[in-house]
1. What does the extension gain come out to for Tyr123 and Lys275, with contour length at 0.36 nm per residue minus their alpha carbon separation?
2. Give me the distance between the Cα centres of segment 243-290 and segment 64-81, rounded to whole Å.
3. Counting DSSP beta bridges in the chain, what percent are antiparallel, to the nearest 5?
4. Given the Cα-Cα distance of Asp382 and Glu282 and 0.36 nm per residue of separation, how much length would full extension add, in nm?
5. Using 7 Å Cα-to-Cβ label points, what is the Asp405/Leu132 separation (nm, one decimal)?
6. Output wanted: per-residue J couplings in Hz (rounded whole) for segment 187-204, from phi through Karplus 6.51 cos²θ - 1.76 cosθ + 1.60, θ = phi - 60°, x for Gly and Pro.
7. Can you give me the distance in nm between label points at Glu78 and Arg412, each placed 7 Å from the Cα along the Cα-to-Cβ direction?
8. For Ala43 and Ser323 in the same chain, what is the full-extension length gain: residue separation times 0.36 nm, less their Cα-Cα distance, in nm?
Amino acid sequence: MSQKKSALLAAIMAACFCFGTGCQKTEPVPELPAFQEENSAAALSDEFVEDYQYVWTMLEENFPLMGVLERTCGDLEEFKNNWQEKVEQCDKYSEFYDTMAEFSASMKNVGHLYFISKEKFPYFRDTYHSALPEQFPLAPEFLKIFDDEEVLKTYHQVGAVPPEPSRQPSSEYAEPISVEYPAEDTMLIHIPDFKYDQSNNEALLAAYTEAEQKGVQNLILDLTENGGGNEQVWIEYIVQPNISEPVSYSKYNLLPLTEYNRSFWEPAGMLEDIKPIDELPEFPNLSQEDIRLCDYFVERTKTLPPSQDFPLFSGEIYVLIDSTVFSASEGFAYFCKETGFATLVGETTGGDGVSFGDPLYFELPNTHYVFRYTASYGLNSDGSCNAEKGTEPDVPCEGGETPLDACMRIIRES
């Protein structure tokens, strides 16, 4: 047999072996989507530019935080053109993926605006498949994107079995809380995120009980580096177990009620209480230029009842915050500021916790990658933009202090 025929036979046998044994399942997942790049490099480049321009079209039509984005990134026309030049250099899917990831990072997560990476995609899809209706009313609409055949192919999820909708999100995504005693009468609980995890939730309740039994006077909740998750975690496992009577707070959100944004909010029944923007009360620090896309607003008051016959912890509660506190953890900081539930100590938060539901998503038409964005303009009590200004601490750090240093200082002084 000739050398060429032997090589061909070996290749055929290897291919048959792989097919028969399912060897794809044991091989490592490729670093980037393995598309069949049948089009020419020039044609692919045109598709990438078209997708990039689509991002800006969607933002300019639906994203109410363009003013914040410009103050963060500089002149948007220049910013947009600079990144388009980089996109024009892409002639492979892998290059476009990397460029979109870098482009996303350069926008510094303004208003939850970012590119959904292959690492993040499974978490979001798992979360929405596992969501209870009261936690994520928008989940059915989000799954139209996350279960789309082309999107699944893009994110290496072809053939993946969706999680059962009735179960809670997998605990593999949550980091464990930790408890320590920085002083004899003080308990510190570090809460890395607000992802819904039953073991963490139970550990929080157990920590309050332990603190009360030991006569602890001060409970410190460390939210530094907590980038958010699910607000139901802090509602159900921090606030409600530790209040003796109902607590209410209000949020104002301004809405660009575009056709695309409405396609998410309307099926979820979220538009029943909206009012025209000209009926909005006066706020001293509201930027009229910022809100030019917003034609409606909604005021929502939420009342949280106690979940226990008496608070599990009866002492003083302090919450440590800094610029990394964002999204759901920022929402908790806002709640504390509005209600006085706890004393905020540290630095101003990263913001965007006063939102109208969850951030929305859109799919790029050619590559089928997904972007996320906040579709509402949440207000602080003075009318300033929560996504930009965040929430200020009641007790700021002084002279190089960490938030924990500042908290221990005021505890000693009290």
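1. 51.3 nm
2. 24
3. Bridges in the chain are about 60 percent antiparallel.
4. 35.1 nm
5. Going by the 7 Å Cα→Cβ label model, 4.2 nm.
6. Residue by residue, segment 187-204 yields 9, 10, 10, 8, 10, x, 7, 10, 5, 6, 9, 5, 5, 5, 4, 5, 5, 5 Hz.
7. A separation of 4.8 nm, rounded to one decimal place.
8. Once the chain is fully extended between Ala43 and Ser323, it gains 96.5 nm.
None of the figures in this text is laboratory data; all of them are computed from the coordinates on show. Just so you know, these numbers come straight off a predicted model, no measurement behind them. Here Cβ is always computed from backbone atoms with ideal geometry, including for glycine, and neighbour counts include all displayed protein chains.
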